[in-house]
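J.: Before we start, here is the structure in question, set down as C-alpha cells.
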Amino acid sequence: MIIAFVGSVFSPYYASSRRRGDGDPLDHCALNIALYRPGGKRWAMTERRRRSVERTADTLAIGPSSLSWNGQALSISIAETTVPFPSRLRGRINVFPMAVADRTFTLDVDGRHRWQPIALRARIEVELQSPALHWSGTGYVDSNHGDAPLESGFSSWAWSRAPLRDGTAVLYDLKRRGADPLSLALRFDRHCRVDEFMPPPEVHLPTTAWRVGRTTRVDEVGHATVIRTLEDAPFYARSAIATRLLGEPAIGVHESLSLDRFSTRWVQAMLPFRMPRAWG
C-alpha cells in the first residue's frame, strides 16, 4: 500500500500548524508505504518540508522518493526508512492502468472534499532491493483531495474495494458533520465505466484491538468476515475481508476511519512514533 500525501491529512504536525493559523500543505508531505508479509510488516511515513518537495505536471518528489507518470505507467521510486524499528525500504514499483476513469465524486455538501477513482484495475510490477522482494500482480489507484481538514467535514467513514469477475465494486459510507450520511455503492466495469447500485444492507464487523468500529455492506443472502487486520491504529483500521457483492463472493480491502478519535490530543500525541518529521 502506497499513499503520497501533499498536506498529510493525518499529520499531528500539520494539525498543530493549522491550529496556529499557519498550516502550509507543502510543509507537510509524506510518502506512506506499508509492506505486508507473512510474519510481519514494514511501515514508513516520514514527513518532509517544502524545500524537500518538487512538483511538476507529471512528477512528485518527496525527499529521496518520487512518483512519475509517462502516459502509460506510474513509476514509484522508493528510498525510505521504516519506523518504529529502522530498516531500509528501497526499490521501484511500476503501475500500468488497464483503464482510467473520468469521474470525480463530491463527498460533502459544500464541495470541499472530492474522491477520484483513477484506475480501478491495474497491473503492478514490484522490484525491491531492500528487502529483496520481486512480484507482479494487480493494483488500484485513486485520489482524495480537499480544501478543508477531513475532521471538519466528517466524523467517520468506511470504504472498501472488491474485485469482481468483470469489474470492481467500491463502497463508501460517510458520516458527515451537519448533513445526512452519504452511501456510495459503485460498480466499475473493465473499461472503468461506472454504474451506481442500491447499497446493500449494512453489517458490523468485529471492532479492532483499539476499539475502532468496522462496518461494511453485503448482499442480503451473504455475510462478511475479517480475514486479516492489516493496520490497527487508534483512529484507523485497514483489513482484508471476505464478502459477497452483486451476487459474487469477493475478497476486498476495507478501511475504517474515526475522525472524532483522530481529533483528540491523546491520539495526536502518539502519532509521531509512526509519522516522524524530517527537519532538514
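We did not get these values from a lab; they are worked out from the coordinates using the rules stated. For clarity, every value in this text was computed on a predicted model and none was experimentally measured. Because the Cβ atoms are built from the backbone with ideal geometry, glycine has one as well, and the counts that use them run over all protein chains shown.
J.: Between VAL100 and HIS134, what length comes free when the chain is fully extended (0.36 nm per residue of separation minus the Cα-Cα distance, one decimal in nm)?
T.: Separation in residues times 0.36 nm, less the Cα-Cα distance, equals 9.7 nm.
J.: Take peptides 189-199, 160-170, 74-84 and line them up by average Cβ neighbours within 10 Å, highest first, as a rough protection proxy.
T.: Going by the mean number of other Cβ atoms within 10 Å, highest first, we get 160-170, 74-84, 189-199.
J.: For the chain, what size does the Cα cloud have along each of its three principal axes, sorted from largest down, in whole Å?
T.: Principal axes ranked by extent give 55, 42, 39 Å for the Cα atoms.
J.: In what order do LYS175, LYS41 fall by count of nearby beta-carbon atoms within 10 Å, going from fewest to most?
T.: Ascending number of Cβ neighbours within 10 Å: LYS41, LYS175.
J.: Would you order ARG177, ARG121, ARG19, ARG112 from fewest to most other beta-carbon atoms within 10 Å of each residue's own beta-carbon?
T.: By the 10 Å Cβ count, ascending, the order reads ARG19, ARG177, ARG112, ARG121.
J.: Give me the net charge for the shell around SER155: Cβ to Cβ below 14 angstrom, other residues only, Lys and Arg +1, Asp and Glu -1.
T.: -1
J.: Mind listing the long-range amide H neighbours of GLY91? Cut-off is under 5 Å, sequence gap 5 or more, other chains count too, H placed in the peptide plane at 1.01 Å from N.
T.: So GLY91 has HN proximity to ILE78, GLN129.
J.: Taking a label point 7 Å from the Cα of GLU248 along the Cα→Cβ vector, which residues of the range 127-162 have an amide N closer than 20 Å to it?
T.: 137-142, 159-162
J.: Using mean Cβ contacts within 10 Å as the protection proxy, how do 22-30, 220-228 order, highest first?
T.: In decreasing order of mean packing, 22-30, 220-228 become 22-30, 220-228.
J.: Would you tally the net charge around MET98, using a Cβ to Cβ cut-off of less than 14 Å, leaving MET98 out, and scoring K and R as +1, D and E as -1?
T.: +1
J.: Quick one: net charge around LEU164, please, counting Lys, Arg +1 and Asp, Glu -1 for every other residue with C-beta under 11 Å from its C-beta.
T.: That sum, taken over residues with Cβ under 11 Å, equals +3.
J.: Quick one: Karplus J couplings for the range 246-254, per residue in order, coefficients 6.51, -1.76, 1.60, θ = phi - 60°, nearest Hz, x for Gly and Pro?
T.: Once rounded to whole Hz, the list reads 6, x, 10, x, 8, 10, x, 9, 10.
J.: Please list 3J(HN,Hα) in residue order for the range 83-97, calculated via the Karplus relation 6.51 cos²θ - 1.76 cosθ + 1.60 where θ = phi - 60°; whole Hz, with x for glycine and proline.
T.: 9, x, 9, x, 7, 8, 10, 9, x, 9, 10, 10, 10, 10, x
J.: Another one. So what is the 222 nm mean residue ellipticity for the chain from helices alone, if each DSSP H run of at least 4 adds -39500 (n - 2.57) and you divide by all residues, rounding to the nearest 500 deg cm²/dmol?
T.: Calculated at 222 nm, the ellipticity per residue is -2000 deg cm²/dmol.
J.: Evaluate the Debye formula for the range 92-218 with equal point scatterers sitting on the alpha carbons, no solvent, and hand back log10 of I(q)/I(0) at q = 0.12, 0.13, 0.14 Å⁻¹, in q order, two decimals.
T.: -0.57, -0.66, -0.76
J.: Would you kindly calculate the mean projected area, averaged across all directions, of the convex hull enclosing the Cα atoms of the range 36-160, in square nanometres?
T.: The Cα convex hull of the range 36-160, projected and averaged over all directions, gives 9.8 nm².
J.: With θ set to phi - 60°, apply the Karplus curve 6.51 cos²θ - 1.76 cosθ + 1.60 along the range 125-137 and write out the HN-Hα couplings as whole Hz, x wherever there is a Gly or Pro.
T.: Each residue of the range 125-137 in turn: 10, 10, 10, 9, 8, 9, x, 6, 9, 9, 6, 9, x Hz.
J.: Which of the peptides 57-68, 252-263 is most tightly packed, and how do the rest follow, going by the mean number of other Cβ atoms within 10 Å of each residue?
T.: Order by mean packing, descending: 252-263, 57-68.
J.: Compute the Rg/Rh shape ratio of the range 165-280: radius of gyration over Kirkwood radius, all on alpha-carbon atoms.
T.: 1.03
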